[in-house]
Amino acid sequence: MKRRAHATRENLGFLLAKAAQHWNELLAERFRNAGYPEVRASYGSLLIPLFEEDGLRLGELAARARLSKQTLTTMVRLLVRDGLATSAPDPADGRATRVYLTERSRSFRAVAEEVLAELDGLVRTRLSPTEVDRLKANLKGVMEL
């Protein structure tokens, strides 16, 4: 028998969405306090892959960010507008575009890592190391649905 998900605040989707919303609010507050008010939490979808490998092609960045190319294009425009990225034709293929971090976003990386470590620490005050590992594994599984 299939179990029905009830439309209440106990619904798993509601809880995931509200946890993500609160996490993003904490990020935004800390980024603003650190002197980076232009950095939106949603920018992490692009900045994290670019921190790992700068100069990604749009298609590869979309895949790593798990975003549609249309959404990615809009977000890249916002990053460029806010001085956090530049884009340029791929020297090997002029039809492709690569996205690069700016000096501002490269300096932001240390702030992002500090803030993420702080928030990770807050989670670890509520969950044991085993529970944190399980949570990460389960969130990755949910991402694959």
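A few remarks follow.
- Long-range neighbours under 7 Å by Cβ, at least six apart or interchain, first residue in contact (Cβ under 8 Å) with a residue 40 or more places away in the chain within segment 79-97, second polar (S, T, N, Q): 83/102; 84/102; 84/105; 97/87
- Within the option set 24, 11, being modelled with pLDDT under 95 and either surrounded by fewer than 12 Cβ atoms within 10 Å (Cβ to Cβ) or not β-branched (Val, Ile, Thr) (or both) holds for one residue only, 11.
- Lone unmet requirement of (1) of a type in the set (Ser, Thr, Tyr); (2) closer than 22 Å to residue 143 by Cα; (3) crowded, with 16+ Cβ neighbours inside 10 Å for residue 68: (3)
- Candidates 83, 121: the one that is within 22 Å of residue 30 (Cα to Cα) and not in a helix (DSSP H, G or I) is 83.
- Pick from segment 87-99, criterion open to solvent by 60 Å² or more (accessible area, probe 1.4 Å) and in contact with a Lys or Arg (Cβ under 9 Å, 6 or more places away or on another chain), ranking: modelled with the lowest pLDDT: 91
- Taking first residues from segment 1-28 that are without any contact (Cβ under 8 Å) to a residue 12 or more places away in the chain and partners that are aliphatic (A, V, I, L, M) and not in a helix (DSSP H, G or I), the Cβ contacts under 6 Å between residues at least 6 apart in sequence or on separate chains come to 11/5.
- With respect to the conditions (1) in contact (Cβ under 8 Å) with a residue 24 or more places away in the chain; (2) assigned to a helix (DSSP H, G or I); (3) open to solvent by 50 Å² or more (accessible area, probe 1.4 Å); (4) not polar (S, T, N, Q), residue 131 lacks only one, and its number is (1).
- Flag for residue 36 being touching a residue at least 60 places away in the same chain (Cβ under 8 Å) and farther than 26 Å from residue 139 by Cα: yes
- Residue list for segment 56-65, filter: in contact (Cβ under 8 Å) with a residue 24 or more places away in the chain and either hydrophobic (A, V, I, L, M, F, W, C) or out of contact with any Asp or Glu (no Cβ under 9 Å at 6 or more places or on another chain) (or both): 56, 58, 59, 61
- Members of segment 1-21 found to be small (Gly, Ala, Ser) and more than 21 Å from the chain's Cα centre (by Cα), listed by number: 5, 7
- Residue list for segment 33-65, restricted to those being open to solvent by 30 Å² or more (accessible area, probe 1.4 Å) and either modelled with pLDDT under 95 or not in a loop (DSSP other than H, G, I, E, B) (or both): 33, 42, 45, 48, 52, 57, 58, 59, 60, 63, 64
- Selection count where residues are touching a helix residue (DSSP H, G or I) at 6+ places or on another chain (Cβ under 8 Å) and aliphatic (A, V, I, L, M), scope segment 8-26: 2
- Selection of segment 1-32 for residues being in a loop (DSSP other than H, G, I, E, B) and among the hydrophobic types (A, V, I, L, M, F, W, C) yields 1, 5, 7.
The values are calculated or read from the model by the stated rules, or taken from the named source; none is laboratory data. Nothing here was measured: the structure is a model prediction, and the numbers come from that model. With ideal geometry, Cβ positions are generated from the backbone for all residues, glycine too; neighbour counts draw on all protein chains shown. Side chains included, ligands, DNA and RNA excluded: accessible areas come from the protein's heavy atoms. Shrake-Rupley method; radii C 1.70, N 1.55, O 1.52, S 1.80 Å.
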